[in-house]
Amino acid sequence: MAISATDFLLTAAHTPHIAVVESTGSTNADLLAHSADASAWPHLSILLTDDQRAGRGRLDRSWQAPAGTSLALSVLLRAAEVPPAARSWVPLIAGLAMTESIAAQLGTAVSAKWPNDVLVGDKKICGILAEMSPNAGAIVVGSGVNTAMTEEQAPVETATSFAMQGKPAHLDLLVSHYIGRIAAELQALRDHDGDAVASGLRDRFVAVCSTIGKVVTIHLPGGDKYTGDATGIDDDGRLQVVADGELRIVSAGDVVHVR
């Protein structure tokens, strides 16, 4: 049975506008299109579906799941509500919020893989993509959470879901917790002039990040790659990697956990 807005009464307390669509190509694309109308789509508006047919991931990779097996959710953040100095933290805020929200239901080893994938053990249950609107007035953060997906439906062996973990997903609890945590982290940043260290955001992300302490291979946008030790997160949310005795700062690229 398709989801509807009446399934998200808890979530309605955290957002001024919630739109549930039966199906769509991409919730991010839809919300980016809506973002020009600031009065109808204010800060923390959300759009979601359990049937997204043309989702996109990092590096513009396509992403699709059978209808009813995953939740596609996009959140609109008005740029004025995000301190300019902290905008690089938006994907990590979403990763932290979703990690905590999934962990609240699964009660198992849920972690964030830098910058914003969510893992259960070493398998991916959620991916997140943040995009700036064309007029730079909003940031849209999209996430795809595997909910009822079975092993047979999984696109890759490294995927998992609530169902594969043996637990049903309570979607309203998941989304309400997620939106509430995003709102709280943004408020903390505003209270501390965009300083992610002073607000405690960096420490909270580091506490759930399984990338730190791992040997990782970094695949750079141009096609180059290197392997090193992930040692920390800097003040701007970038990954710190020591490779060949040199500290390297990663702001963009695919990260593969080697061990």
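The values are calculated or read from the model by the stated rules, or taken from the named source; none is laboratory data. This one's a predicted model, so the numbers in the text were calculated from it and none came from an experiment. Cβ sites come from the backbone with ideal geometry, for glycine too, and all protein chains shown count toward neighbours. Note: accessible area is taken over every heavy atom of the protein model, side chains too, but ligands, DNA and RNA are not part of it. Shrake-Rupley method; radii C 1.70, N 1.55, O 1.52, S 1.80 Å.
Open to solvent by 60 Å² or more (accessible area, probe 1.4 Å), among the hydroxyl-bearing types (Ser, Thr, Tyr) and modelled with pLDDT of 95 or more, is that true of Thr160? Working first, answer last.
Details: open to solvent by 60 Å² or more (accessible area, probe 1.4 Å): no; among the hydroxyl-bearing types (Ser, Thr, Tyr): yes; modelled with pLDDT of 95 or more: yes.
Spelling it out, it is not the case that Thr160 is open to solvent by 60 Å² or more (accessible area, probe 1.4 Å), among the hydroxyl-bearing types (Ser, Thr, Tyr) and modelled with pLDDT of 95 or more.
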Among the residues that make up the stretch 214-237, is at least one of them in contact (Cβ under 8 Å) with a residue 24 or more places away in the chain and under 16 Å from the mean Cα position of the chain (by Cα)? yes
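Output the residue which, of all residues in the stretch 225-257 that are β-branched (Val, Ile, Thr) and open to solvent by 70 Å² or more (accessible area, probe 1.4 Å), is nearest to Arg202 (Cα to Cα).
Start the filter on the stretch 225-257 by keeping residues that are β-branched (Val, Ile, Thr), which leaves 227, 231, 233, 241-242, 249-250, 255-256.
With the extra rule that they be open to solvent by 70 Å² or more (accessible area, probe 1.4 Å), the set shrinks to 227, 231, 249.
Numbers: Thr227: 24, Thr231: 14, Ile249: 16 Å.
Across the stretch 225-257, the extreme among qualifying residues is Thr231.
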Output for the stretch 114-162, where each listed residue is without any contact (Cβ under 8 Å) to a residue 60 or more places away in the chain, of a type in the set (A, V, I, L, M) and in a loop (DSSP other than H, G, I, E, B): Ala136, Ala154, Val156
Considering only residues that are of a type in the set (A, V, I, L, M, F, W, C) and closer than 14 Å to Ser70 by Cβ, look in the stretch 130-157 and name the one that is surrounded by the fewest Cβ atoms within 10 Å (Cβ to Cβ). Val156
Among Ala154, Ala138, which is within 21 Å of Thr15 (Cβ to Cβ) and of a type in the set (A, V, I, L, M)? Ala138
For the stretch 175-190, does any single residue satisfy the condition of being open to solvent by less than 50 Å² (accessible area, probe 1.4 Å) and assigned to a strand (DSSP E or B)? no
